[in-house]
2 protein chains.
Amino acid sequence: MTNGDIDQTSRPTNLGQIIKKARTDMKLSQREVEEATGKEVSNAYLSQLESGKITKPSPHILYALSTALAVPYETLMERAGYIVPSTERPESAKHGRAATFAVDNLTAEEENALLDYLAYLRSKKG
Amino acid sequence: MTNGDIDQTSRPTNLGQIIKKARTDMKLSQREVEEATGKEVSNAYLSQLESGKITKPSPHILYALSTALAVPYETLMERAGYIVPSTERPESAKHGRAATFAVDNLTAEEENALLDYLAYLRSKKG
DNA sequence: TGCGCTTGCTAAGTTTGTCAAGCATCTACC
DNA sequence: GGTAGATGCTTGACAAACTTAGCAAGCGCA
């Protein structure tokens with residue numbers, strides 16, 4: 001339909017094709033996958049996923065599929081357009097300096113004192 | 001309303017409370033958070049999140065909030081009930097409380113001021 | 001030929017995240 | 001008093017995820 005001809009044999013790029021390829025590679029039917037996920041993903045829904053009618057299934061669904069189809073969870077998450085936590089962040093000092101505080105295991109009192117102080121600093125600055 | 005009295009000062013356990021505490025700790029209004037996320041999270045939606053009316057916001061939303069509120073993305077994902085890929089078992093320190101400062105939005109001055117203040121606090125206490 | 005079973009798919013419905021608009025309350029300043 | 005702005009919250013609408021029931025084509029088998 002909306003679907004032109006996509007090279008099914010080479011490496012698939014969108015989520016639906018990844019799922020479909022993984023499933024057919026394992027020689028499973030859609031209903032078998034439904035079983036394999038413990039009914040967490042219905043065969044009807046799987047069909048919609050593979051045909052691209054659903055573009056962003058919830059991580060829960062993706063996790064079930066990742067285990068049933070032996071595809072890494074992160075891959076599916078990424079392909080669904082979700083931001084994948086940690087797992088290497090290229091540059092962005094991000095944790096660099098922040099770690100100073102993180103590593104330092106603050107006590108609750110210290111945390112509160114620092115937060116108050118920070119609020120004070122910022123209020124001063126406007 | 002539906003909300004009994006929940007100890008707001010101690011460490012919150014559900015998503016809404018985590019978000020609310022992070023926001024109030026930073027002394028931001030809901031509309032300021034909306035701005036801070038570049039309008040990716042509306043103040044109306046934020047209100048529903050904090051009050052627990054929404055239990056599973058999309059990872060996209062959680063990511064925006066994590067950066068705006070300086071709370072680790074993984075924490076929010078976990079609290080929203082999503083499975084977090086890889087990333088060691090949370091068993092150990094992780095950052096729990098210190099992460100409140102996760103601090104990619106501390107300026108260098110603020111960081112130094114806070115570190116000095118922390119050193120001062122600890123020297124006082126022995 | 002007909003029956004049973006499987007496979008992939010779709011049509012229709014429910015649920016839920018998300019937003020725009022607007023209301024109620026509080027503060028502050030005239 | 002009045003009115004202006006900020007803050008938290010609710011409401012109504014829409015879209016997208018997800019479910020349930022069921023259909024059409026294919027298979028083997030008596």
Quiz item: How well do other chains shield peptide B:60-67, expressed as the mean number of their Cβ atoms within 10 Å of each residue Cβ?
Solution: 2
Practice problem: Taking each label point as 7 Å beyond Cα in the direction of the beta carbon, state the distances from A:Y45 to the same residue in the other copies, shortest first, in nm. | Solution: 2.2
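Give, rounded to the nearest 20 debye, the magnitude of the charge dipole that region A:15-79 has about its Cα centre when Lys and Arg contribute +1 at Cβ and Asp and Glu contribute -1 at Cβ.
Values: 9 positive and 8 negative charges, 41 e Å.
Once rounded to the nearest 20, the dipole reads 200 debye.
Readers should treat all values here as calculations from the given coordinates under stated rules, not as data from a laboratory. From a predicted model like this one, the values you see are computed outputs, not experimental measurements. Every residue, glycine as well, gets a Cβ built from its backbone with ideal geometry; the counts of neighbours run over all protein chains shown.
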